[in-house]
Amino acid sequence: MYKNLVHGVNTLVPVINGNKVPYINFDNAATTPPFSSVIHEINRFSPYYSSVHRGTGYKSIISSQLYDRARYMVLDFVKADKNFYTAIFVKNTTEAINKLSYRLIDEIKDGIVLSTYMEHHSNDLPWRHRYKVDYVEVDERGRLDLDHLESLLKKYRGRVKLVTVTGASNVTGYINPIHKIAEIAHRYNSKILVDGAQLVPHHPVDMKPVEDPAHIDFIAFSAHKMYAPFGIGVLIAPKYIFQSGIPDQVGGGTVDLVTPKEVTWTSPPEKEEAGTPNLFGVVALIESIKTLKKLDMNRISNYERKLTKYTLERLKTVPNIVIYDDGNVKNKVSIISFNVKGLYHGKVAAILSLEGGIGVRNGCFCAQPYIQKLLKVTEKDIEKYKRDPNLYRAGTVRISYGLYNDFQEVNVLIELLRQIGNNTDYYDYRYRNPPFYS
Ligand code: PMP
């Protein structure tokens, strides 16, 4: 319904079996195409483009004002209290979480971080790397087990300092009940970080006032998954976290006074943004936020839910399909993982691309422990992978919708999958050795 809002979706026309077909992009969980408004705004702003917080030249003043106002717009987008929280511009979600993991060293010390088996590696490894980490289990269908969360919090008797959880899984699309998790975590004096990479672009987010036990302490997200370009993301956190201590990266912009003998750090958020900031990135992110707000996050989420529900219903009618989903579309963003029995996931993804001009993703989506749980991969299997790097690994095919995808595109996918599902031996043989399966 929103196709005309997104830049370039109609320009890609792959030639499939001698015919030109419109490209269907079902890989929005990796990266979304930019809004046309974002491209337009970058163009419009380019005459003013200049270094921010670097003097009082005319362009610099305009750029700095825009950059500072942008923080408030980002905070407002997730309903974060401007007096308590700060928005730090970073490269992406991964950088945001790494920064936070470094800066929480005094809070966590030798305490425990609870992550989950559902996480993207970017919300697992930065914690593993520095702290003792334990993991909240998922059930048979891949939903987070909140009883297990509470039992771990009890077991560690106040030693858990942070619960870190994805807002929505990048494999199944399952939305986690972040406010319920926040209440539980706060009851045990732990803070909560939400990895918002897959939630923020598809669902309204409300960090809630800090007095509310269900509030979110930290959130991170990436602009390239919300219709803006790569290279800009946000970490939202209470200001006081960054007041003392030394930033993870130091240099220009982070200091107040430097003499040969001493360094006085400036205040957050500038203290946490070493080097010249990514102004075009911020211009783009703000424009994408404005567009999303205009469209209304509730409407977007409802529309994408309808598309997802329709897909799940139709997918179930396709022979030889295994879907990794519990059918609870209400608590899910527009991501679906599946396999075709008898065909390697990389092969299915290649066939969709080569026979239908449909872009999907396959593999384990930087969430290997989750894929291992969902697909019941054993320790023995993992030992086999380690011995033979050429072995095809367990994984799924993932389709993920953006707000501009439509029902007609879903029909094209389903019909091609039906053809594949009905003729798995034929397709397995026909695509027996293309060089690019991964
Ligand atoms: N978390 C989740 C849930 C994700 O889907 C992704 C991106 N696939 C990330 C974190 C990392 O995002 P980025 O690569 O933009 O840092």
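The values are calculated or read from the model by the stated rules, or taken from the named source; none is laboratory data. Everything numeric here is computed off the predicted structure, so don't read it as measured data. Every residue, glycine among them, receives a Cβ derived from its backbone with ideal geometry; neighbour counts consider all protein chains shown.
Quick notes
- Boolean, GLU183 is modelled with pLDDT of 95 or more, acidic (Asp, Glu) and more than 15 Å from the ligand (Cβ to nearest atom): yes
- 3 or more residues in contact (Cβ under 8 Å) with a residue 40 or more places away in the chain and among the hydrophobic types (A, V, I, L, M, F, W, C): qualifying strands (runs of 3 or more DSSP E) within region 214-323: 218-222, 233-238
This table checks each residue for (1) surrounded by fewer than 20 Cβ atoms within 10 Å (Cβ to Cβ); (2) at negative phi; (3) within 16 Å of the ligand (Cβ to nearest atom).
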position	(1), (2), (3)
SER60	yes, yes, no
GLN65	yes, yes, no
ARG69	yes, yes, no
PHE77	no, yes, no
LYS82	yes, yes, no
VAL90	no, yes, yes
THR94	no, yes, yes
ASN98	no, yes, yes
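- If you go through region 364-386 and keep only what is modelled with pLDDT under 95 and either among the small types (Gly, Ala, Ser) or outside any loop (DSSP other than H, G, I, E, B) (or both), you end up with GLU379, LYS380, ASP381, ILE382, GLU383, LYS384, TYR385, LYS386.
- Among the residues of region 358-388, the one identified as of a type in the set (Val, Ile, Thr) and loosely packed, with under 13 Cβ neighbours inside 10 Å is THR378.
- Single match in PRO204, PRO209 (criterion: under 22 Å from GLY233 (Cβ atoms), surrounded by fewer than 22 Cβ atoms within 10 Å (Cβ to Cβ) and either modelled with pLDDT under 95 or more than 12 Å from the chain's Cα centre (by Cα) (or both)): PRO204
- If the condition is being farther than 13 Å from LEU279 by Cβ and away from the ligand (no atom under 16 Å from the Cβ), then region 21-46 contributes VAL21, PRO22, TYR23, ILE24, PHE35, SER36, SER37, VAL38, ILE39, HIS40, ASN43, ARG44.
- The set of residues from region 324-363 being of a type in the set (D, E, K, R), under 22 Å from GLU119 (Cα atoms) and part of a helix (DSSP H, G or I) comprises just one member, LYS330.
- Residue pairs whose Cβ atoms lie under 6 Å apart, sitting 6 or more positions apart in sequence or on different chains, and linking a residue in region 346-363 that is farther than 11 Å from LEU417 by Cα to a partner that is basic (Lys, Arg), are ARG361/ARG398.
- THR56 meets each of the listed conditions (1) surrounded by 16 or more Cβ atoms within 10 Å (Cβ to Cβ); (2) polar (S, T, N, Q); (3) assigned to a loop (DSSP other than H, G, I, E, B) apart from (1).
- Some residue of region 103-110 being crowded, with 17+ Cβ neighbours inside 10 Å, among the basic types (Lys, Arg) and within 16 Å of the ligand (Cβ to nearest atom): no
- Residues of region 111-132 that are modelled with pLDDT of 95 or more, within 21 Å of the chain's Cα centre (by Cα) and surrounded by fewer than 19 Cβ atoms within 10 Å (Cβ to Cβ): HIS121, LEU125, ARG128.
- Reported count of residues in region 212-248, each being more than 16 Å from the ligand (Cβ to nearest atom) and either surrounded by 15 or more Cβ atoms within 10 Å (Cβ to Cβ) or under 30 Å from ILE42 (Cα atoms) (or both), is 9.
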